[in-house]
Ligand SMILES: [Zn+2]
C-alpha cells in the first residue's frame, strides 16, 4: 500500500515541477541512515575465503520462499542526493545534508533494514540461467544488529526507447566523470529503479559481498525482471567507467529461493 500511495504522490510531483528526475521535493519520513551510491574500484585480490560467496548463477532447482524470508515491504521515500566522484571509478551519492535523511528501508520478517548505499556493476554480477546482463544495480541495507541485505536489479540493454528506465538514464547522466560533486536540482526515487510492481518476482539466497572484503552472511534478493537502458546510454556509461563485476561463484549446496 505504501508503494501505491507513494506513486500517486510522485505523479503529482512530476506534474507540478520541472525536473531532471521524476520526483521533486524534500524527502520525508523518519530519520535514518544516509543513502550512498558507490562504484567500487577496489582492486584487492579475489580470495577463496568461504563456501557461500557471491555472485552466483541463479538456476534451478529453485525452492518456494517461506513467508519469513519474503520481503514484506519496501519503503523508499525520495531523497535529494549529493553525487561525488572520488576519483578512479568510485562514485558516492549521499542524502543532501540540508534535508533530513529519508528513512528508506525494507522489512523482512518484521525486521527493518535501512538503506545504506546503492551502486552499479558492469557487467551484471549475478547471472540468470547462465545469462549475463550488461549492468546490475545493488541496493544495500542494514539492520540495527548489523545484518546486511542487498537487492539486485538487472539492467538490460535495448535498441529502442520503449520502456527505457528514465530514472536510471538521468541518474547515470548526472554522475561526474571526473573528481567532482554535484547536487541535482531534484530528488531521486529508488522505487523507479525497481521492476514494475507487477513484475517483482525475485530470487533469494545467502551469499557475500562481491567486493573487498567479500564478507559472508549477506542476504541477497535479486529481481527476475530487468529494467531497461538504451544501448547508446549504456555505451556512454561504459566509456566513462570500467567494468567492475566479479565472476560467479559455486553454489556449494546453498538453496536458491524464488518468490
Ligand atoms: Zn555490488
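Taken together, the values in this text are just the output of simple stated rules run on the coordinates, not laboratory data. Nothing here was measured: the structure is a model prediction, and the numbers come from that model. Cβ sites come from the backbone with ideal geometry, for glycine too, and all protein chains shown count toward neighbours.
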Assertion target for 125, 117, ordered by fewest C-beta neighbours within 10 angstrom first, is 117, 125
Test of understanding: ordering 201, 145 by Cβ neighbours within 10 Å, fewest first, what list do you get? 145, 201
At R0 = 30 Å, FRET efficiency that the Cβ-Cβ distance of residue 68 and residue 181 yields, to 0.05: 0.15
A student applying the Cα gyration tensor rule (rounded when a/c is under 1.5; otherwise prolate if a/b is larger than b/c, oblate if not) would label the stretch 207-259 oblate
Most exposed first by the Cβ proxy, i.e. fewest other Cβ within 10 Å, how do 79, 118, 241 rank? 241, 118, 79
